[in-house]
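Quick notes on the structure that follows.
The values are calculated or read from the model by the stated rules, or taken from the named source; none is laboratory data. These figures come from a predicted structure and were not determined experimentally. Reconstructed Cβ throughout: ideal geometry from the backbone, glycine too, with neighbour counts over all protein chains shown.
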């Protein structure tokens, strides 16, 4: 370890140089912790200070740990853990006052926990520790070793280290303020995105078409009440999602939401499932069992495919709706239930009324507030929105970097008639994501049913020139999308001239301004 001897003027020059270099370091990075090691390196190189450490307090655990050091190994840094009030460093943080130890071997409070100083009783080492303070709060400490010498002024060292500690504190404060602002902006951004999402996405019901806006309005109107709801629509249109949205927007949202698929249960078991049974009520009924109505007490019971119920089950269901009471199969006790019913069907119940397979009185009891879900072919403007939603969902699920759907693939999705509705579209996009090994979903990634000309209403004209023109137009449109309508950039992207792009844009009646943003 070197002993530094210099005049007062030389000392002042050295100090000013050190302070300037350290201040430049601290303002060069938004996270001062990344440059603290370099600060300690300067103190060693310019001032001969050894084993400099910056120890910071974790407010949650009230533990002090070394965050940066010069002359210590990583293992020695890990050992440098203190509680507030423990050792010299802990005392400095506890009191907020600097401490000078002229000879560490003579100071019982000096713990040497890092074990970086060998046989401190024989070493002629001094230790200086100053607090790092944010206002009245001490958030850490800056400490250094000095070779004890009569020539060294501890007061001058103390003053220099105090200034540096103050600069570190300010840098930490500014960094914390910047981090808080970043977190606030991030949270605000998330909240804004959530609000924007909620505008068109009620519990994963995606849609912006006029027909879906009507559905959202119906959900809003009925959710606050206890009215029975009948959701109607083809298979795959999202009836269960609507039932979820109604329940979780209602005053019963904290209570049970029980779902029953009536079509999936055998006729012999449907009554037991809905109303429960007593022990010995039938073969296999070895225990008493509560039904779905009892389990849904205080909440909501969703009866999917209600049109498949037998007439006997319909009669019991009607009583439960009218009287708000049930009887278990094989039992005679009446059980009061408070349950809101949401039913759904893809059957034309009016036809079932006509042929006698569905009770008229039950129909009118269920049909208090009907909600009709349109088929996907009736809301073609939502196809691309839904496709993008499912693309993002399954790209994350399967950890693929797929960014968009190509124009020809979009055309195929729009032209297809979607007999399986949203469920079929979701399955289609999931398959495309699995098939795709690029960043773009192309038409050949889509299922064969969409690629078949008869299915997609895209029979070829038999003229090669027409097919080539359609392909050329789609490439130009994709380039304009990628460059936000910039024809010069699009020409570079397609490795052609701006004049050629201009001629093709005119030929295919493409409006580049349509793809501009801002």
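Here are the numbers for the structure shown:
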read-out	value
Residues satisfying the stated conditions in region 391-422, i.e. closer than 25 Å to residue 235 by Cβ and loosely packed, with under 15 Cβ neighbours inside 10 Å	392, 397, 414, 415, 417, 419
Region 423-437, subset outside any loop (DSSP other than H, G, I, E, B) and in contact with a helix residue (DSSP H, G or I) (Cβ under 6 Å, 6 or more places away or on another chain), residue surrounded by the fewest Cβ atoms within 10 Å (Cβ to Cβ)	435
Count of residues meeting criterion [touching a strand residue (DSSP E or B) at 6+ places or on another chain (Cβ under 9 Å) and surrounded by fewer than 17 Cβ atoms within 10 Å (Cβ to Cβ)] in region 364-382	5
Positions within region 273-285 being within 21 Å of residue 317 (Cβ to Cβ) and not in a strand (DSSP E or B), in sequence order	273, 274, 275, 276, 278, 281, 282, 285
Filter pass, residue 214 being at pLDDT below 90 and not assigned by TED's automatic domain parsing to the domain that holds residue 56	no
Tally, over region 119-175, of residues that are assigned to a strand (DSSP E or B) and at pLDDT below 80	1
Residue tally, condition in a loop (DSSP other than H, G, I, E, B), modelled with pLDDT of 90 or more and either outside the structural domain of residue 292 (by TED's automatic domain parsing) or surrounded by 16 or more Cβ atoms within 10 Å (Cβ to Cβ) (or both), over region 307-346	4
Restricting region 286-296 to residues that are crowded, with 17+ Cβ neighbours inside 10 Å and in a loop (DSSP other than H, G, I, E, B), the residue that is nearest to the chain's Cα centre (by Cα)	296
Meets criteria (assigned to a loop (DSSP other than H, G, I, E, B), surrounded by fewer than 16 Cβ atoms within 10 Å (Cβ to Cβ) and in the same structural domain as residue 281 (by TED's automatic domain parsing)) for residue 361	no
Count of residues meeting criterion [in contact (Cβ under 8 Å) with a residue 60 or more places away in the chain and within 18 Å of residue 330 (Cβ to Cβ)] in region 271-303	0
Hey, residue 267 under 42 Å from the mean Cα position of the chain (by Cα) and either farther than 17 Å from residue 342 by Cα or crowded, with 17+ Cβ neighbours inside 10 Å (or both) or not	no
Test: residue in region 98-107 that is assigned by TED's automatic domain parsing to the domain that holds residue 172, closer than 30 Å to residue 10 by Cβ, touching a helix residue (DSSP H, G or I) at 6+ places or on another chain (Cβ under 7 Å) and not in a strand (DSSP E or B)	yes
Residue list for region 127-150, restricted to those being more than 14 Å from residue 55 (Cα to Cα) and touching a strand residue (DSSP E or B) at 6+ places or on another chain (Cβ under 8 Å)	127, 145, 146, 147, 148
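Here's the yes/no breakdown for (1) modelled with pLDDT of 80 or more; (2) in contact with a helix residue (DSSP H, G or I) (Cβ under 8 Å, 6 or more places away or on another chain); (3) not assigned by TED's automatic domain parsing to the domain that holds residue 406:
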{"site": "439", "(1), (2), (3)": "yes, no, no"}
{"site": "473", "(1), (2), (3)": "yes, yes, yes"}
{"site": "481", "(1), (2), (3)": "no, yes, yes"}
{"site": "487", "(1), (2), (3)": "yes, yes, yes"}
{"site": "494", "(1), (2), (3)": "yes, yes, yes"}
